[in-house]
Each structure stands twice: as C-alpha cells, then as structure tokens.
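J.: Okay, here's the structure, questions in a sec.
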Amino acid sequence: MTKINLTLAALMTAGMAMAQIAVPDGTRIRVRLEETLSSDTARTGDPVELTVMREIVAGNMVAVAAGAHATGTILSARSRRRMGRGGELDFSIDRVQLVDGNWVNVRHTPIRKHGAGSGAKMGILTAGLSAARLPAAPIGLMMKGQDVEILQGHTFDVYAEGNAPAPVQEMAAAPATLSITASVPGADIEIDGVFVGNAPSTVQVAPGVHQVVVRQGAATWQRNLQATGGNVTINAMLPVVQGSMQ
C-alpha cells in the first residue's frame with residue numbers, strides 16, 4: 001500500500017492565520033527626528049527620517065516596536081537667501097512602520113506660538129496634544145532673519161489613524177506530522193470529521209486538539225490527540241466486529 005502524503009489546509013488555517021489587530025485611533029506615538037533639517041539644504045519632496053521612541057501595544061501584542069521606522073516629507077523649504085528676510089520650512093510626518101513591516105498612517109497638529117525671543121513665528125508643542133480626531137497638518141516654522149534649523153533628536157507626538165485594522169503577523173506554530181497505520185491496511189482515516197486518506201498515511205495538522213478516527217466497515221478506532229508539533233506515530237488497532245470475519 002502506497003502512503004498518501006496529504007496536507008490539511010483547512011486544519012492548519014487556525015495556526016497559520018493572520019491576526020488582525022487595530023492600533024486605536026488617536027493612539028499617541030512619540031517619534032524622534034533622525035537628521036537635522038535646514039531650510040537652506042532641504043528640498044520639497046525630500047523624505048524625513050524618524051524613529052519611534054517607545055513601543056506601542058495594542059490587543060495584547062506589540063504593534064509598533066521601539067526604534068521602528070517613521071517617515072515624513074518636506075512640503076516646502078525656502079532659505080533666507082531665497083526668501084530675502086528669513087527661512088521657512090514645512091514638513092509632514094506621514095506614517096509609522098508596524099512590527100510586520102506594514103505601515104499605519106499618522107496625523108499631527110502644530111500649535112502656533114510667537115516670539116520667545118528667537119524670531120520664531122510658528123513652533124511645535126511636542127507633548128500633551130489632544131487625542132481627539134484632528135486633521136493632519138504640516139509642521140511649519142519660519143525664522144526672521146535666518147534659516148530654519150531643526151536639530152536631530154527633536155521629538156514630536158503623532159497620533160495613529162485608526163480607521164482600519166492593521167495586520168500583525170503572529171508567529172505561527174509549526175504543524176505536527178501524523179504517521180498513521182492501521183491493523184487493517186486500507187482503512188479510512190478521518191481527522192476532525194474530514195476524510196484524509198487510507199492507512200497507512202502521513203498527514204500534517206495544525207497544533208491543537210484533533211479527533212482521529214480510523215474505520216473499516218463497522219470497525220472503528222478513535223482517539224483525541226493533542227498535537228504540539230513534531231512527528232507523531234499512530235497505530236490504530238481496529239476491533240474485530242462479530243460477523244465481519246469470513
């Protein structure tokens with residue numbers, strides 16, 4: 001009897017499924033600027049590189065790791081030489097990378113302030129912003145009589161756009177391999193009520209509890225199996241049913 005190698009896709013679904021978790025809307029994420037930005041050297045469309053300072057946990061899983069990549073975009077940059085009176089720099093913070101490599105969009109809201117003796121016409125409040133649903137807005141800074149410079153290491157608070165769940169890949173446990181033989185070659189094998197072949201057979205199942213049934217005519221052998229991965233050998237000894245023997 002030739003062995004049947006059969007993979008039970010339906011049985012493995014539970015162990016290999018993608019877990020869907022959502023980073024709730026308004027989740028506060030602090031990011032750090034990883035480069036110094038200057039209105040003298042920046043150009044519209046240039047990427048802005050940032051990293052996440054603290055991990056974000058959602059649904060009992062780490063959704064965003066500390067040190068995760070975050071990106072933004074230079075929206076406009078005009079140097080003192082081009083402006084004549086001072087520099088201007090506007091940029092956005094657009095998205096943050098999840099632990100599985102996918103991205104979640106974020107928003108930020110600049111808070112206007114004046115003066116402070118620096119010539120700044122607009123600045124950023126980096127803590128305590130409301131987590132209410134607010135529109136994304138560029139981060140703008142204008143400096144009177146000089147170019148704008150934002151130093152590497154400056155921090156910003158951004159907020160997750162939680163309109164759609166962000167998929168996070170759970171580590172899938174390894175399947176178990178069942179090598180099933182029977183005292184009656186050719187007996188039918190069922191796992192969780194599904195016919196998978198005839199004995200002897202080799203079958204893969206997801207980790208968990210499975211019902212294994214081997215039957216030939218009226219004779220039935222049944223066991224519940226806790227599969228935890230690796231190889232498992234099953235020898236089904238079918239009972240002799242009276243009247244089945246010639």
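J.: What is the set of long-range amide H partners of THR36 at a cut-off below 5 Å, with H atoms built 1.01 Å from backbone N?
T.: GLN152
J.: In nm, give the distance between the simple-model label positions of ARG30 and ARG223, each being 7 Å from the Cα along the Cα-to-Cβ direction.
T.: Roughly 5.6 nm, to one decimal.
J.: Hey, what do the phi angles of segment 55-66 turn into as Karplus ³J(HN,Hα) couplings, whole Hz, using 6.51/-1.76/1.60 and θ = phi - 60°, x for Gly and Pro?
T.: Here the 3J(HN,Hα) series is 5, 10, 9, 9, x, 6, 10, 6, 8, 10, 8, 4 Hz.
J.: Can you figure out the FRET efficiency of ALA66 with ASP46, using R₀ = 22 Å and their beta-carbon distance, to the nearest 0.05? Before the final figure, lay out each step's value.
T.: Numbers: r = 26 Å, r/R0 = 1.16.
It comes to 0.30.
J.: Give me, ordered by chain and number, the residues 5 or more places off ALA236 or on other chains with an amide H under 5 Å from its own placed amide H.
T.: THR181, ALA182, SER183
J.: Which distance in nm do the two modelled labels at VAL194 and VAL209 give, with both placed 7 Å along the Cα-to-Cβ direction?
T.: Going from the VAL194 label point to the VAL209 one covers 1.9 nm.
J.: Label-point separation (nm) for THR73 and VAL240, each offset 7 Å from Cα along Cα-to-Cβ?
T.: It is 8.0 nm.
J.: Could I ask something else about it? Could you derive backbone 3J(HN,Hα) for segment 174-186 from the dihedral phi with the Karplus parameters 6.51, -1.76 and 1.60 (θ = phi - 60°), listing whole Hz in sequence and x where the residue is Gly or Pro?
T.: In residue order, the calculated couplings are 5, x, 9, 10, 9, 9, 10, 10, 9, 5, 10, x, x Hz.
J.: Pull up all non-local amide H partners of ALA68: gap of 5 or more, or a different chain, and H-to-H distance under 5 Å with H placed in the peptide plane.
T.: VAL52
Each value in this text was obtained by applying a stated rule to the coordinates, not by laboratory testing. Keep in mind it's a predicted model, so treat the numbers as computed, not measured. A quick note on method: Cβ atoms are made from the backbone with ideal geometry, for glycine too, and the neighbour counts reach across all protein chains shown.
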